[in-house]
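The structure follows.
Quick note: the coordinates plus some simple rules give every number you see, no bench work behind them. What you see is a predicted model; the values in this text were computed from it and never measured. Here the Cβ is made from the backbone with ideal geometry for all residues, glycine too, and neighbour counts use every protein chain on show.
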Amino acid sequence: MAGRNCKGKNNPNYGKKHPGLNKGRKCTIKQKLKISNTLKQKYKSGYINPNKGRIFTEEWKRKLRENHSDVSGKNNPMFGRKRKSQFGELNNNWKNGSGAYRRIAYKKYGYICNKCGITNKKVLLVHHKDRNRKNNNIDNLEILCRNCHTLEHYEEVYKKFMEHIKRKNIKKNK
C-alpha cells in the first residue's frame, strides 16, 4: 500500500458504503435501537468498553461492599483532618515560588536589558550566566531582552559551528 496511489478510484474502498461511518448524519430510531441491542449483547458476554471503564461481576461487587462497608463519618481515614492548602507558602513544595528569582533579579537590576538598554517589560527575561537553571544566586542572574538572550545562547553555538567548518576545510585541503 505504501507504494500504491490510493486516491480516488484507485482506493479499494472507493464507492463502497461504510456502515460504521456516519459522516455527520443523525441515526434513525431503528439504527439507535440496533446499536443499543448490539452493545447490550456485547456487555452480557463480558465485553469491556474502554470508554466506560470496567464491568464488575456480582462477586466483585459483593467483595467491594464487604471491604468498604462503612467509610463514612468517623470511619473515614480522612475524617477530622484539615486539608493543607495546595497553593502558595502552605504547600510542602514551596521554595519561594518557582519564579521568585525573577522578582529578585528585577528588583536588584531593574527593568532594563544589561546589554542593549531596552526597557520594554514585555521583552525582558532573566538569564542564568552559568546556564544552570537551578543556580538562582543573584550574582548568576542578569536581565536581557529576547534578542540579546538569543544571541547569548547561540553565539557559542555559532562559534562551535564555525570551528567545525574550519576543521573540515583544513582536512579537505590536506
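Go through segment 135-174 and give me each residue that's under 19 Å from residue 108 (Cα atoms) and out of contact with any Cys (no Cβ under 7 Å at 6 or more places or on another chain). Break it down stepwise before answering.
Here is the first cut: in segment 135-174, the residues under 19 Å from residue 108 (Cα atoms) are 135-145, 149.
Result: 135, 136, 137, 138, 139, 140, 141, 142, 149.
Are any of the residues in segment 147-161 aliphatic (A, V, I, L, M), within 30 Å of the chain's Cα centre (by Cα) and within 19 Å of residue 100 (Cα to Cα)?
No, every residue in segment 147-161 fails to be aliphatic (A, V, I, L, M), within 30 Å of the chain's Cα centre (by Cα) and within 19 Å of residue 100 (Cα to Cα).
Here's another thing I want to ask about it. Which count do you get for residues in segment 131-174 that are part of a loop (DSSP other than H, G, I, E, B) and surrounded by 11 or more Cβ atoms within 10 Å (Cβ to Cβ)?
Of the residues in segment 131-174, 4 are part of a loop (DSSP other than H, G, I, E, B) and surrounded by 11 or more Cβ atoms within 10 Å (Cβ to Cβ).
Let me ask another. If the requirement is being of a type in the set (Ser, Thr, Tyr) and part of a helix (DSSP H, G or I), which of these qualifies: 111, 106?
That would be 106, the only listed residue that is of a type in the set (Ser, Thr, Tyr) and part of a helix (DSSP H, G or I).
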